[in-house]
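Throughout, read-outs are computed from the coordinates displayed, never taken from laboratory work. Computed from a predicted structure; not experimentally measured. For neighbour counting, all protein chains shown are included, and Cβ atoms are generated from backbone atoms with ideal geometry for every residue, glycine included.
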Amino acid sequence: MKTIDKKLYENMLLIRLVEEEIAKKYTQGKMRCPTHLSIGQEASASGVGLALNKKDLAVSSHRAHAHYLAKGGNLKKMIAEIYGKEAGCSKGRGGSMHLIDRKVGFEGSTAIVGNTIPIGVGLGLSLKLDSKDAISVIFCGDGSTEEGVFYESVNFAATKNLPVLFVCENNSYSVYSSLKVRQPRGRKIYEMVEAMGIRSSHTDGNDVRKVYQAANFAVNQIKKTGSPFFIELETYRWLEHCGPSYDNHIGYRSELEYLEWKKRDPVKLFKKILLKEKILTKDDIHQIDKRVKIKIKEAFKFANNAPFPKPQSAFETMYLDS
Amino acid sequence: MKRLITFVDAIREAIDQSMAKDKDILIFGLGVDDPKNIFGSTAGLQKKYGEARVFDVPTSENAMTGVGIGAAIAGKKPIMVHQRLDFFLLAMDQLVNAAAKWYFMFGKQQSVPITIRLIMGRGWGQGPTHSQNLQAWFAHIPGLKVVMPASPEDAKGLLISSIQDPNPVIFLEHRWLHNMKGKVSKSFKSVPLGKANIIKKGADITIVAMSYMVIEAIHAAEFLEKHNVHCEVIDLRTVAPIDYDTIFQSIEKTNKVIVLDTGHLNGSISGEIISRIIDHSWDNLSAKPERLAMPNFPEGTSYSLTKEYHVDAKDISLKILEMLSVSIDTSAAEVFFKKEHPHDIPGDWFTGPF
């Protein structure tokens, strides 16, 4: 368990510090693409990520940095992608919202809400047809559960009994629109999905141990039964929907609400626990911090120095030769 | 060896032979294994290849397209079928934002080898939402290939190529062609995508057509031949990509061109082709290029509303005679094109409802 705790912490810290570094450098104007940061939501990505193995396939949406990193995606290639460089994970064609690292089973994140949900189900179909010992994981948000394609996908996964794990990070906001104006009062997303025929659970998305346990349980269930599973994780986005800034002053949510969630900072909380339970010493924490910071520094240096794609390459064929 | 089979049987044969050769090919869509088997085009496939590879689906066009994309990027080659193109409009996000972009937006790491069969038509009360020929929509999107066969032989050969193609392909079948018979090779023979076919040689005018309009063009050319007008008929076969070389070369010889389209005039493939012709072949043109397409009005359902709505061989013939300043006794056209069956069906075989 100790090793797992350490990995969970280091992964969360990596996500937090990467996102903070992006936010810090964003105004330099070198990251010229819409960028949706995951600060505040590190536990849900890390907890699920560690419950998976490389052979498992994952897809995600516009806010995907954390999922990509939690699945083991290459950091240098991600930062280079946000910098629009040829060395980026999508060769600069995709940017922050279109990440991929097939070496670790991160099959793609896309920008349109709900877009990768059925694609993840299709990955599950393929895994089942080939009798592979792997599952497909779909990271989605509360907003996506309002898209028609979500219901279509859940329905098909349930009907066909596909090895698919739906992970819904509920951060209460779709851009600036609160869940209150988007879904009826009293609805629990996981209960609704359960009623559609998929076994579901929910937990505190800011408690990384709980997330890991829930994900681990779900993965085992999927492997045992071959049936899909749905997890809802309650969490909170600290920064604006898109961009590097805090935006509690613009009037769509209150500073108080934000501060309440900030008290439940997933990284800080877990660090406290690890020290209290003597799983990590202060020195361990310091070492991890140092290691992560070096890694991030190198990644930004790599991205900054890497060459852009050649302008003429914009006009290469978009077909794969048959 | 070639034998006479219908367009729809040619399609079934292409799928059957492809599936026999490649176990990664799947086919799914609403009704693929129902008693009508998508107008017979999927008959017997489930029995032969099993429920894992041939299956019916929920009425979820958008998600099922995504499922096809997901299966494709994980190594499968799905064929998806929609009995009516109009229903597939629910799947535009998956088609445009995912299938068409995947190869490009992830830096050319993984293409999406899916074939989407869409059946479209006209007449017999298909009306505003069952008759749309939206090839221009699909051809507008970089990353998609759009195939429109006009003969049974091409239906088979082009479908084989579409299934084998590593890119997403929209395969448009005109319902009025389904029962047409033609000589089709028994063997597994592909027809390349992106290469037009000169169906008839002629020196006076080039007719460029796709899908069902090729048939009307052939009838028009037959009639005009009797009046000493020799048409060169080009069957585009695919409208993305378009084989412009074949069109331009033909115009060098004929100096005149008319483009026929099964879709609405506004923003149509025919408009794009004429624009390219003006750009490339201006000096070769001796007459204003023309085009005939569906009017910019939805198709009405009533029998009477389609009487003058669609372009047919007579309209094409009269337009060409006008372009060539040839005058004939128009009653000859009336006699030649007198239909033995109502105007809103392709032949007596078609008794509706689809």
Whole-Hz couplings from phi, Karplus 6.51/-1.76/1.60, listed for the stretch A:98-103; x for Gly and Pro: 10, 9, 8, 8, 5, 4
What does the structure give for A:109-121 when I average, per residue, the other chain Cβ atoms found within 10 Å of the residue Cβ? 6
The rounded separation in angstrom of the Cα centers of the stretch A:32-97 and the stretch B:267-334 is 53
Karplus ³J(HN,Hα) for the stretch A:289-300 (6.51 cos²θ - 1.76 cosθ + 1.60, θ = phi - 60°; Hz, whole; x = Gly/Pro) runs 4, 5, 4, 5, 5, 5, 4, 5, 4, 4, 5, 5
Can you tell me what share of the DSSP beta bridges in chain B is antiparallel? A percent to the nearest 5 is fine. 25
Over all Cα pairs of chain B, the Kirkwood radius sets Rh, and Rg/Rh then becomes 0.97
Please compute the modelled spin-label separation between A:LEU320 and B:GLU334, points set 7 Å along Cα→Cβ, answer in nm with one decimal. 5.9
Considering only DSSP beta bridges where both residues belong to the protein assembly as shown, give the percentage that are antiparallel (nearest 5). 20
I need the Kirkwood Rh of the protein assembly as shown: take the reciprocal of the average 1/r across all distinct C-alpha pairs and report it in angstrom. 27.3
From the cross-link list B:LYS145/B:LYS200; A:LYS132/A:LYS301; A:LYS30/B:LYS145; A:LYS85/A:LYS290; A:LYS77/A:LYS276, the entries with a Cα-Cα span beyond 30 Å are A:LYS132/A:LYS301; A:LYS30/B:LYS145; A:LYS77/A:LYS276
With each run of n ≥ 4 DSSP H residues scored as -39500 (n - 2.57), what mean residue ellipticity at 222 nm is computed for chain A after dividing by its residue count and rounding to the nearest 500 deg cm²/dmol? -14000 deg cm²/dmol
Considering only DSSP beta bridges with both partners in the stretch B:197-336, what is the antiparallel share in %, to the nearest 5? 20
With each run of n ≥ 4 DSSP H residues scored as -39500 (n - 2.57), what mean residue ellipticity at 222 nm is computed for chain B after dividing by its residue count and rounding to the nearest 500 deg cm²/dmol? -9500 deg cm²/dmol
Give the distance, in whole Å, between the Cα centre of the stretch B:97-150 and the Cα centre of the stretch B:198-216. 23
Using θ = phi - 60° and the Karplus curve 6.51 cos²θ - 1.76 cosθ + 1.60, what whole-Hz ³J(HN,Hα) does each residue of the stretch B:103-116 get, with Gly and Pro shown as x? 4, 6, 6, 10, x, 6, 8, 8, 8, 10, x, 10, 10, 10
Around B:GLY121, which amide H atoms from residues at least 5 apart in sequence, or from another chain, sit under 5 Å from its own amide H, with H modelled in the peptide plane? B:GLN132, B:ARG175
Which whole-number percent is the relative contact order of chain B (Cα, under 8 Å, 6+ apart)? 16
One quarter of the convex hull surface, Cα atoms only: what value does that give for the stretch B:57-108 in nm²? 3.7
Summed over the other residues with a beta carbon less than 14 angstrom from that of B:ILE199, with K and R at +1 and D and E at -1, the charge totals -3
